[in-house]
Amino acid sequence: MKYLIIIIPFLISCDILSPREPESPDQGDDILFQQPNSPSIVIENLRNAFQGKNPVNFIRCFQNQDLLDEFQFRASQDVAAENPGIFTNWTLNREENVVRSVFNSLSPNISPTLILSNVESTRNNRVEQYTADYEIRIQHTLDDNIEQQYAGSLLFNIVGTEDDFWYITQWSDFGSSSSTITSTWSKMKINFDQ
């Protein structure tokens, strides 16, 4: 009993019994996500989220409750032909799983690279069509048979809502005729879809 009298003040004074603040779940590096009030900001958010290994912000570029059912991904022809049916009902949940898998395959101090070039865009009212060539570099720690470089062209339909926020609702992937890298973003999705 006298040991209890000695121990209780000690436990109270050292704060060992008080609850602590819970840690936030790992959502990638702290990268600023800007209000998506223009298509160019959506693209900037997408690139920053990818390079910052932030799957939550990556998916936010596509996600709006009013537009959830409108999201479509069209794989590059070669990958779609090799993997029939895989992309038929591609969802944002699958997209998020792939991105998380990519980011989890990297060492903590390594970030993926996403380079967009030859950018063109045209806007018709609340829809902007954005095309670009892309190159992705991922120095993953997985099997050597999984590519670390991907290249191709993409087409995004970026739609503006009534409250003037913009989101990617359609994404088409194409192989590149000018790059020596033959694996596309679609192939990366296949490699990391778990």
**OP:** Report the relative contact order of region 56-172, percent, no decimals, based on alpha-carbon pairs under 8 angstrom and at least 6 residues apart.
**Re:** 27 percent
Original post:
Rg and Dmax of region 35-194, using alpha carbons, in Å: what are they?
Top reply: 15.0, 47
Original post:
How about region 115-154: which trypsin sites (Lys or Arg not before Pro) there lie in a loop by DSSP and see at most 15 other Cβ atoms within 10 Å?
Top reply: 126
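Report the rotationally averaged projected area of region 154-194 based on its alpha-carbon convex hull, in square nanometres.
4.1 nm²
Dipole of region 114-154, Cα-centred, from +1 at each Lys and Arg C-beta and -1 at each Asp and Glu C-beta, to the nearest 20 debye?
Values: 3 positive and 7 negative charges, 67 e Å.
It works out to roughly 320 debye.
Tally Lys and Arg at +1 and Asp and Glu at -1 over the other residues with C-beta under 14 Å from the C-beta of residue 83: what net charge comes out? Don't jump to the answer; show the numbers that get you there.
Details: positive: 74, 94, 187, 189; negative: 78, 82, 173, 193.
Its environment carries a net charge of 0.
Values quoted throughout were computed directly from the atomic coordinates according to the rules given, and no laboratory measurement underlies them. As the structure is a prediction and not an experimental result, all values here were calculated from the model. All Cβ positions, even for glycine, are placed from backbone atoms using ideal geometry, and neighbour counts span all protein chains on display.
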